[in-house]
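The values are calculated or read from the model by the stated rules, or taken from the named source; none is laboratory data. All values derive from a computational prediction rather than experimental measurement. Virtual Cβ from ideal backbone geometry, glycine too; neighbours counted across all protein chains shown.
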Amino acid sequence: MAIKSDRWIERMAEEHGLIEPFEPGQIRAGEAGEKIISYGTSSYGYDVRCAGDFKIFTNINSAVVDPKAFDESSFVAFEGDSCIIPPNSFCLARTVEYLRIPRDVLTICVGKSTYARCGIIVNVTPLEPEWEGHVTLEFSNTTSLPAKIYAHEGVAQMLFLASDEVCERSYKDRQGKYMGQRGVTLPRT
């Protein structure tokens with residue numbers, strides 16, 4: 001396995017639609033010059049943004065969190081330019097970017113240090129060969145205070161690991177349950 005560089009990411013985005021929309025540079029300021037959390041191509045990865053639709057976990061219905069029988073009433077849907085995550089809780093969001101992973105690549109989604117330094121953790125998630133869709137992201141607020149995340153700014157980094165050989169069975173071959181997802185996708189079994 002070899003991690004792929006910015007040149008490979010840009011070529012794959014242009015030729016194969018690896019990331020849409022794609023930003024070839026690293027954006028660090030908004031149109032009016034305001035500070036933002038960076039997104040776009042980095043040296044060996046791509047910093048994705050989250051869209052403005054969120055699902056915030058709540059215990060209002062005292063439901064049991066069960067991945068085999070997930071109760072959608074455990075979340076409150078919210079749309080906005082930022083999201084406040086309650087203390088010791090989490091929310092779900094999705095990437096602005098739609099990704100198409102090549103058959104010989106495994107992609108790992110990791111958090112950005114800016115959020116980690118505030119106690120906001122992004123779940124480490126693998127994107128398997130030939131998976132495609134919006135990535136559903138989980139943000140955990142590990143602090144005892146409310147925490148804020150920003151829509152349309154960088155929230156996580158994708159690392160692309162290319163294999164020396166093509167996998168025998170890809171996510172697409174297995175007809176994976178999260179294939180082609182759009183929007184925030186809740187657990188499926």
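Summary table
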read-out: Qualifying position, being surrounded by fewer than 17 Cβ atoms within 10 Å (Cβ to Cβ), over 20 Å from residue 179 (Cβ atoms) and not polar (S, T, N, Q), among 87, 126, 67; value: 87
read-out: Which numbered condition residue 184 misses (of (1) buried (at least 17 other Cβ atoms within 10 Å of the Cβ); (2) modelled with pLDDT of 95 or more; (3) under 13 Å from the mean Cα position of the chain (by Cα); (4) on the phi < 0 side of the Ramachandran plot); value: (2)
read-out: Region 123-158, subset of a type in the set (D, E, K, R) and over 10 Å from the mean Cα position of the chain (by Cα), residue farthest from residue 19 (Cα to Cα); value: 148
read-out: Among residues of region 93-111, those that are more than 15 Å from residue 42 (Cα to Cα), in a strand (DSSP E or B) and out of contact with any Leu (no Cβ under 9 Å at 6 or more places or on another chain), counted; value: 3
read-out: Condition met for residue 74 (in contact with a Ser or Thr (Cβ under 8 Å, 6 or more places away or on another chain), without any contact (Cβ under 8 Å) to a residue 24 or more places away in the chain and of a type in the set (Gly, Ala, Ser)); value: yes
read-out: Residue within region 9-16 that is in a loop (DSSP other than H, G, I, E, B) and surrounded by fewer than 12 Cβ atoms within 10 Å (Cβ to Cβ) present; value: no
read-out: Whichever residue in region 47-61 is more than 11 Å from the chain's Cα centre (by Cα) and assigned to a strand (DSSP E or B) and, among such residues, is surrounded by the fewest Cβ atoms within 10 Å (Cβ to Cβ); value: 53
read-out: Selection within region 172-189 - free of Cβ contacts under 8 Å to residues at least 60 places away in the same chain and among the hydroxyl-bearing types (Ser, Thr, Tyr); value: 178
read-out: Of the criteria (1) more than 19 Å from residue 133 (Cα to Cα); (2) out of contact with any Ser or Thr (no Cβ under 6 Å at 6 or more places or on another chain); (3) buried (at least 16 other Cβ atoms within 10 Å of the Cβ); (4) without any contact (Cβ under 8 Å) to a residue 40 or more places away in the chain, which one residue 23 fails; value: (1)
read-out: Among (1) in contact with a Leu (Cβ under 9 Å, 6 or more places away or on another chain); (2) in a loop (DSSP other than H, G, I, E, B); (3) hydroxyl-bearing (Ser, Thr, Tyr), the one test that residue 143 misses; value: (1)
